[in-house]
Every structure is written in C-alpha cells, then in structure tokens.
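The values are calculated or read from the model by the stated rules, or taken from the named source; none is laboratory data. Here the structure is a predicted model, which is why all the values come from computation and not from measurement. Don't worry about glycine lacking a Cβ; one is built from the backbone with ideal geometry, like all the others, and counts go over all protein chains shown. The area values use the complete protein model at the heavy-atom level, side chains included, leaving out ligands, DNA and RNA. Shrake-Rupley method; radii C 1.70, N 1.55, O 1.52, S 1.80 Å.
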Amino acid sequence: MAEASLTESVRCLIDGEWIAQPVGFTTVDPYRDEVVAEVPDCDEEVVTAAVSAAVGAAKKVAATPARERAVLLKRMAAAVRQQASDIANVMCLETGKPIADCQVEVLRSADTLELSADEAVRLCGELIPMESSAIGAGKLGFTLRDPVGVVAAITPFNAPVNLCAHKIGPAIGAGNAVVLKPAPQASATIHRFVRALQDAQLPRGWLNVVYGHQAGATMVEDPRVRFISFTGSSAVGKLVSRAAGLRRVALELGGNGNTVVCEDARVDEAATICARNAMRLAGQSCISVQNIWVHESRVDAFVQRMVAVVRELRTGDPLDPRTEVGTVISRQSAERIHRLVQAAIGAGAEVLCGNRQLGAVVDPTVLRNTPIDQEAVAGEVFGPVANVLAFRSTDEVVEAVNRGPFGLQAGVFTESMRTGLALARELEMGAVIVNGSSTWRSDQAPYGGVKDSGIGREGPKYAMREMTNEKMVVFNI
C-alpha cells in the first residue's frame, strides 16, 4: 500500500523559478481528514507576474520549430512516467480517488503529452481552391495557423493531472506559453506533476503555475491572456465566458450522464457497464452515468443486474489497491450529494441500494423512478448516484433529455443500427456512444459539449486548432 501521510509545501512556478509564497490554505485527505499540503493563495501581483513571464516567453515558443516542441513534449511525457508513482500517491491522498485509478490517470497524461507531440508537427493550414469562383481566378490562396500567444489554463480536481496535460500539451504544441491555475483541492498533485515537467528542461516562462481561490479570476481578467481553457462547473464557466469578452475560450463544463437502454439491448451487459461507470471515481466525472433510461419491458431485469454489480464494488481506503470506489472530494460535497438523494426520496424515488453517507464517503446509490424534475436527475449530482428511469418510446427520452440544460455525452444500448444512428442524430450532445455508456473518452478524440455543457473541443488535434489563429494568405499570380 502507498504512503498514507505527507506534508507537501507547494510553490509557484514563474519564469522558470520556484517561488515560495505565504501559506494561504491547506489541502486535506478526505478519507483520513489529515493535512496533505500547504498551499499559497496567490494575490494579484503574483498572478500578474506569472502572466508577464508567459508574455515574455510567447514569441520564443512561437519561433521554436514544431519538431523541437514535439521533442520537448515527448521528454515531458517520459519524465511523468518516471515519477508516476509519486504523482499518483499524492493524487490519491488529496482527492480520495482509488490509487489504481490515480496510477492509470498519470500514465494516461503522459500519453496525452505524446499525442500533443504528434499533433504539433501536423498542425498546418490548407490550400484554398481560389479558382472555384470568378473573383479568385489567377490567385493562389492558403491559410496559416499562428499561435494565440498566452493560454490561461484552469483545471478541476476530479482528473487533475490528465486535464492539465490536455491544456499544457496542446498549448505548447501549438506554440503558446501557458499560465496554469489548478484546482485548490489538488494543488500538491499538480506541484508534483509540474516538477516532473520541469525535469524535462522546459525553457523559462513556457509554463507558469499559480495557486489559490482568486488566481483564476485574475488570470481571466488580464487582457494579455488571449485564450482561456477552463474545465469546471457550468456556473463558473458562464462567468469565465462573460469575463473573456471577445477573447476565445474553450469551456468543458457539466453534464448529467444520460444513457438509454433500448428494448433490444443486451441488458446484462448494459447494466454491468452502467453500474461501474456510475460509481467509478465516486461519480465525480462530468460524463459519469447518472440517468439511465431503460425500456419499461426491461427495467426489472436491468435493475436486478445493476444492483448486484453495484453491491459487489469494493469501497474503502483509496490507498488500498483493491478499492474500486473511494471518497468524494470532501465531507461538504458528500453532504450535498446526500441531501439531493434525500430530496429525491422525499419526492417518490425508490432506493435500490446505498443511501448512506459518513464523512466524505457516499455509498454507491441506485434510485428508481426519481421524478425527472428533481435535482438528482435534472442537475449534476457529481457523486456515486444513479437514477433508473423507465420509458415507453425513445421519442419521450429524446424530448426529456434535449429539454434539459446539459449536452455533453450520452450512451445508447441497442442491437439496431437504425435505432443507434437515429438517437445519435436526435440527442443534442457533444458525443453519443452507441453500445456504451456516457462515460467514455479517448484522449485523441474531440471532446466537449453543447448548451450548458460548454463550447469548444479538447483532444490535442482539436485543442491546437482552438489555440491558434487562422490567417488567410493570397498571392496574385
């Protein structure tokens, strides 16, 4: 079992130097309720210095050949792999995520950096067929992609390392400098991660890191930041969008994990997948399975299998490699989730399993027939809670899901290609996974939502296009 105690002293990274700042807050192990790290709460002066360092480095990053940036990103990936165990251990302590999942995430972040290296040398414009119109005759036209300059990256606690990699990798790959503000709850995790990146000989100012509760707002308000990449709640995403004005943003926001199990689906398979993907990471994923729409003729068989799988999931100490479901991020979060469940029960939901909360631990919970106007269905629970909802026709599911505020990802289980394609077209989502649940992401694929689930796309290839300006060049020949 990994080390169960740690006191980390987190420092900022500005222009290649580790900067000590007064302690502003601590991070806490949600399972043991013990201090993990002491973290600075950076003031405006420190954040401004970090942005200034990025501004000073931006032209150097842009002038560095793509091949050299790719080599650097591969060195960064190698350094992360070398220090993966230490990074995963700190992540487990700070977030309550099971150690096995932490180890997978750190290695996945190295893959994301390598994918960014691959895309850095492929990023290019395109030839425009000018002679397809009369006014374009005799002209040669093509586009170039120029880096925006300074990218502000604001990341959450639930996948702290890989989501940092999804912002840092594409930004540097596209020729930009970065200012990063990670989630306060995962500050020591990112401190370890950034130390690994620095070991790969990152040039001064290419990556700058600040911490705290107000640092993100200061970054966003600085007009020298030309692109803002934010992952977090829909409410905060809207504030970021308003503050950004005419500057570009990528906002990866909330979701409520709708998955549809049709009459012809393989019920045991669907129930097993939904059970695991509703509860893994303690449900703290914006694509976690939350609302499972099951055809009325298959509901009984579905819930029987799902509840059996959920009850077999091993809960407990996140540092134990056998643990499958750890804690949520804090006792306060656990209490919020428990209140949502109690409200759903009060409105008529039936408890099939779970419904217990102690400290930061929320037992995996399955509810049946929760009224769809309840926050546990209509909102984002962000915890190990799933609702099983019966339906008669897919039309009513499409109408109910599309009426809601979110549009991140959905899952569909069906043996009919016609049904799968119809639902993929009709559901207003950033992605629809056929014969899989809403909980699926491959790091090279475009990822993002519509409506309150955000704008823009992550995935190195797609993020790099977002983080560059398209310039048209025309030669009169």
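Mind listing whichever residues of segment 432-458 are open to solvent by 20 Å² or more (accessible area, probe 1.4 Å), closer than 18 Å to Cys274 by Cα and not in a loop (DSSP other than H, G, I, E, B)? Selection gives Val432, Ile433, Val434. The number of residues in segment 398-424 being open to solvent by 20 Å² or more (accessible area, probe 1.4 Å), more than 23 Å from Leu253 (Cβ to Cβ) and not hydroxyl-bearing (Ser, Thr, Tyr) comes to 5. Do we find that Val36 is within 20 Å of His213 (Cα to Cα) and open to solvent by less than 10 Å² (accessible area, probe 1.4 Å) in this structure? For Val36, the condition - within 20 Å of His213 (Cα to Cα) and open to solvent by less than 10 Å² (accessible area, probe 1.4 Å) - is met. Checked against (1) under 24 Å from Thr48 (Cβ atoms); (2) crowded, with 22+ Cβ neighbours inside 10 Å, Gly173 passes all but a single condition, namely (1). Under the condition of being within 26 Å of the chain's Cα centre (by Cα) and either part of a strand (DSSP E or B) or surrounded by 15 or more Cβ atoms within 10 Å (Cβ to Cβ) (or both), the residues counted in segment 122-144 number 1. Taking Thr327, is it touching a Phe, Trp or Tyr at 6+ places or on another chain (Cβ under 6 Å), open to solvent by less than 20 Å² (accessible area, probe 1.4 Å), among the β-branched types (Val, Ile, Thr) and touching a residue at least 12 places away in the same chain (Cβ under 8 Å)? Criteria met by Thr327.
Contact map, segment 307-324: first residue of a type in the set (Ser, Thr, Tyr), second residue surrounded by fewer than 14 Cβ atoms within 10 Å (Cβ to Cβ), Cβ cut-off under 6 Å, separation 6 or more or different chains; pairs are Thr323/Arg314. Filtering segment 268-306 to residues that are over 28 Å from Pro98 (Cα atoms), touching a residue at least 24 places away in the same chain (Cβ under 8 Å) and not in a loop (DSSP other than H, G, I, E, B) leaves Trp293, Val294, His295, Val299, Ala301. Could you grab the pairs with beta carbons closer than 6 Å, sequence gap of 6+ or different chains, first residue in segment 377-397 and under 27 Å from His338 (Cβ atoms) and open to solvent by 10 Å² or more (accessible area, probe 1.4 Å), second one in a helix (DSSP H, G or I) and among the charged types (D, E, K, R)? Pairs found: none. Per the conditions (1) open to solvent by 30 Å² or more (accessible area, probe 1.4 Å); (2) not in a helix (DSSP H, G or I); (3) not β-branched (Val, Ile, Thr), the sole criterion not satisfied by Ala49 is (2). The condition (being more than 22 Å from the chain's Cα centre (by Cα) and crowded, with 18+ Cβ neighbours inside 10 Å) is satisfied by just one residue among Ala278, Ala244, Ala265: Ala265. Scanning segment 180-203 for residues that are assigned to a helix (DSSP H, G or I) and open to solvent by 10 Å² or more (accessible area, probe 1.4 Å) returns Pro184, Gln185, Arg192, Arg195, Gln198, Asp199. Among the residues of segment 247-262, what is the count of those that are buried (at least 22 other Cβ atoms within 10 Å of the Cβ), under 25 Å from Lys461 (Cβ atoms) and aliphatic (A, V, I, L, M)? Within segment 247-262, residues that are buried (at least 22 other Cβ atoms within 10 Å of the Cβ), under 25 Å from Lys461 (Cβ atoms) and aliphatic (A, V, I, L, M) number 3. Of the listed requirements (1) open to solvent by 30 Å² or more (accessible area, probe 1.4 Å); (2) touching a Gly at 6+ places or on another chain (Cβ under 6 Å); (3) part of a helix (DSSP H, G or I), Glu68 misses just one: (2).
Selection over segment 204-215 of residues that are part of a loop (DSSP other than H, G, I, E, B) and either open to solvent by less than 10 Å² (accessible area, probe 1.4 Å) or of a type in the set (Asp, Glu) (or both) gives a count of 4. Filtering Arg195, Arg226, Arg204 for residues that are touching a strand residue (DSSP E or B) at 6+ places or on another chain (Cβ under 6 Å), among the charged types (D, E, K, R), more than 13 Å from Lys167 (Cβ to Cβ) and at pLDDT 95 or above leaves a single hit, Arg226. Selection within segment 281-304: residues that are touching a Gly at 6+ places or on another chain (Cβ under 9 Å) and closer than 23 Å to Thr394 by Cα. The member of this set that is surrounded by the most Cβ atoms within 10 Å (Cβ to Cβ) is Ile292.
Within segment 156-179, is even one residue under 15 Å from the mean Cα position of the chain (by Cα), over 17 Å from Ser285 (Cα atoms), modelled with pLDDT of 95 or more and part of a strand (DSSP E or B)? Looking for residues that are under 15 Å from the mean Cα position of the chain (by Cα), over 17 Å from Ser285 (Cα atoms), modelled with pLDDT of 95 or more and part of a strand (DSSP E or B), one finds none in segment 156-179, hence no. State whether the residues of segment 349-365 include one that is closer than 21 Å to Ser233 by Cα, touching a residue at least 24 places away in the same chain (Cβ under 8 Å), in contact with a helix residue (DSSP H, G or I) (Cβ under 6 Å, 6 or more places away or on another chain) and surrounded by fewer than 21 Cβ atoms within 10 Å (Cβ to Cβ). No: zero hits.
Of everything in segment 91-101 that is in a helix (DSSP H, G or I) and within 19 Å of the chain's Cα centre (by Cα), the residue that is surrounded by the most Cβ atoms within 10 Å (Cβ to Cβ) is Thr95.
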